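Here's the structure we're looking at; comments come further down.
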Amino acid sequence: MSLFGKGVGRICAVVAASSVREMAAQLRLAWRETPTVELRLDWLKSDSERRRLFAWLRRHRPRKAVLVATCRRREGGGLFADSIQDELYWLAQARAAGCLWCDLEVETLRKLPRKSVRQYSLPRRILLSVHDFDGLPPLNALGSRSPADVDAIKIAATPRTLVDSARFLRRATKHRNCVAVPMGEVALPARLLALREGSALAYAPVAASTAPGQLSLYETKQLYRAHALNRRTQVFAVIGDPVAHSLSPLLHNTAFIERKINAVYLPFLVKDLRDFLKAAPDFGLRGFSVTLPYKQSILRHLHDCDSLSADIGAVNTVVVRRDGSLYGCNTDYVGVLHSLETNLTLPKCQVLILGAGGSARAAAFALTRAGAGVSICARRETAARELARAVGGQVVPRRALRTKSFDAILNATPVGMYPHAAVSPLAAGELHCRIVMDLIYRPERTQLLKLAAKKRIAVVSGVEMFLAQGIAQWELWTKRPAPRKAMRRAVLGALHAEERGRSSP
């Protein structure tokens, strides 16, 4: 049995705030999800707030709660500005308030007199931690001081590559009663898989992030189900740069949960495609989605792909076969047709596509095969000409858009994507058409669509394409019908909540 217990108790909610009032609110939220909570005493703004917190805990702490007290000094990456003796004092007070554990950073341990940590009135169980915010510490980073008189060790590191994050997780979890905490956005998949790999604990903040690359407690438990992942869990991913904005994890994980499939879909920030491909076997990937900027470059690394993807020259979906080889296909094609066929009779329509990247290529081939005439307008003239030749279309210079008309205009560039939602790739005076479609789905109504609506032009949100291509991916990987209503409800709910959050004062 794990030192910290089984199941949801192995997810440790991080409670960090400057006041007791905020801490208490976070604690109530935390205990809805997990009994295990880390109290960041160093975040409280004063000694009086710390005393008030302990008084509150004596009155309100649930009987089954497992509390980990932390009063990390600045030297160890925390906010506590006082001395080591002051840190030890507050940890002793935490014990009196019912904290079973304390987290003692190695920087403090190294400055203590040469005697056992047990001679201090600390909480009964001690987690000795080392943090490296710049890279990977060696696994003997605790130094020559033996951790024999502590109950567990925590090593928090900042891998710079996916290969390093997988290697760190594998090495750290070989140690008994070790908490492995990969930090940073690149290491986020490893952070979510830490419990599966053998880490004794995983951290997730209730509110404010206390370390780079953290996901909220709710996401960690409810969306990614980190506590329930095991060796039989199938792992899928979305790769790109950037990738944090993607709602693909919400889309796919909602479907896995709805269908009760032991699988998880993770976001991979990929700075180097070769780094990802080298690390993929360590993460046990069964398939992955491909987004900007890798939809075309991934082709070089595939063992095979369907003929349509080869013609398009871009892939957005990869299946990892049992022998580890990669098979590619393109469901963006399905998404474009699904979105526009309900609004236009495509044969003989004239459609302008903005952009010449992977999404634009899929759209161009989809529309051409459906009988539409395609024009390309892109910042990269060479890429625009190449794509126009490939689909038998034409290149339209930007200056011509002031006077030229189309049946539909389709934006296949990232211009206007969250968080730069106030920007439009075209001006109102360049919109001469019956329908404007934006492949961007976040925000749901982009600035381009708002400009079109003001001109009484029909609009099609990128959400429709996003849902259609994602559902096709999910069914390709699982060979099962997707729970379409649940997937749509989850994505639209997230987008509407985000919109309400931006519009609230």
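Only a single item in (1) over 30 Å from L79 (Cβ atoms); (2) not assigned by TED's automatic domain parsing to the domain that holds T158 is not met by R170, and it is number (2). All told, P414 falls short of being free of Cβ contacts under 8 Å to residues at least 60 places away in the same chain and under 21 Å from A244 (Cβ atoms).
Is one or more of the residues making up the stretch 307-327 farther than 30 Å from E499 by Cα, surrounded by fewer than 24 Cβ atoms within 10 Å (Cβ to Cβ), in contact with an Asp or Glu (Cβ under 8 Å, 6 or more places away or on another chain) and assigned by TED's automatic domain parsing to the domain that holds Q447? No. Taking the numbered list (1) modelled with pLDDT under 95; (2) surrounded by 15 or more Cβ atoms within 10 Å (Cβ to Cβ) in turn, L269 passes all entries but (1).
Considering each of I376, I409, I353 in turn, give the residue that is over 22 Å from L308 (Cβ atoms) and not in a loop (DSSP other than H, G, I, E, B). Just a single option satisfies the conditions, and that option is I409.
Kindly indicate whether I298 is in a loop (DSSP other than H, G, I, E, B), β-branched (V, I, T) and either buried (at least 24 other Cβ atoms within 10 Å of the Cβ) or not assigned by TED's automatic domain parsing to the domain that holds A194 (or both).
Working: in a loop (DSSP other than H, G, I, E, B): no; β-branched (V, I, T): yes; either buried (at least 24 other Cβ atoms within 10 Å of the Cβ) or not assigned by TED's automatic domain parsing to the domain that holds A194 (or both): yes.
In short, no.
In the stretch 62-85, which residue that is of a type outside the set (A, V, I, L, M) and more than 17 Å from H131 (Cα to Cα) is surrounded by the fewest Cβ atoms within 10 Å (Cβ to Cβ)?
Our first condition is that a residue be of a type outside the set (A, V, I, L, M); within the stretch 62-85, this holds for 62-64, 70-78, 80, 82-83, 85.
Now restrict to residues that are more than 17 Å from H131 (Cα to Cα): 62-64, 82-83, 85.
On the way: P62: 11, R63: 6, K64: 10, D82: 14, S83: 11, Q85: 8.
Here the residue is R63.
Does the stretch 190-207 include one or more residues that are touching a strand residue (DSSP E or B) at 6+ places or on another chain (Cβ under 7 Å), farther than 30 Å from E386 by Cβ, not in a helix (DSSP H, G or I) and not assigned by TED's automatic domain parsing to the domain that holds K154? Among the residues of the stretch 190-207, not one is touching a strand residue (DSSP E or B) at 6+ places or on another chain (Cβ under 7 Å), farther than 30 Å from E386 by Cβ, not in a helix (DSSP H, G or I) and not assigned by TED's automatic domain parsing to the domain that holds K154, which makes the answer no. Would you mind listing the strands (runs of 3 or more DSSP E) fully within the stretch 1-101 where at least 3 residues are among the hydrophobic types (A, V, I, L, M, F, W, C), over 27 Å from the mean Cα position of the chain (by Cα) and in the same structural domain as E197 (by TED's automatic domain parsing)? Result: 66-70.
Can T220 be described as β-branched (V, I, T) and over 23 Å from D323 (Cα atoms)?
Values: β-branched (V, I, T): yes; over 23 Å from D323 (Cα atoms): yes.
Yes: the conditions hold for T220.
In the stretch 63-77, the residues that are free of Cβ contacts under 8 Å to residues at least 24 places away in the same chain form Cβ pairs under 9 Å with partners that are among the acidic types (D, E), at six or more places apart or across chains, as follows: R74/D42.
The values are calculated or read from the model by the stated rules, or taken from the named source; none is laboratory data. Everything numeric in this text was worked out from a predicted model, so none of it was measured. When we count neighbours, we look across all protein chains shown, and the Cβ atoms used for this are built from the backbone with ideal geometry, even at glycine.
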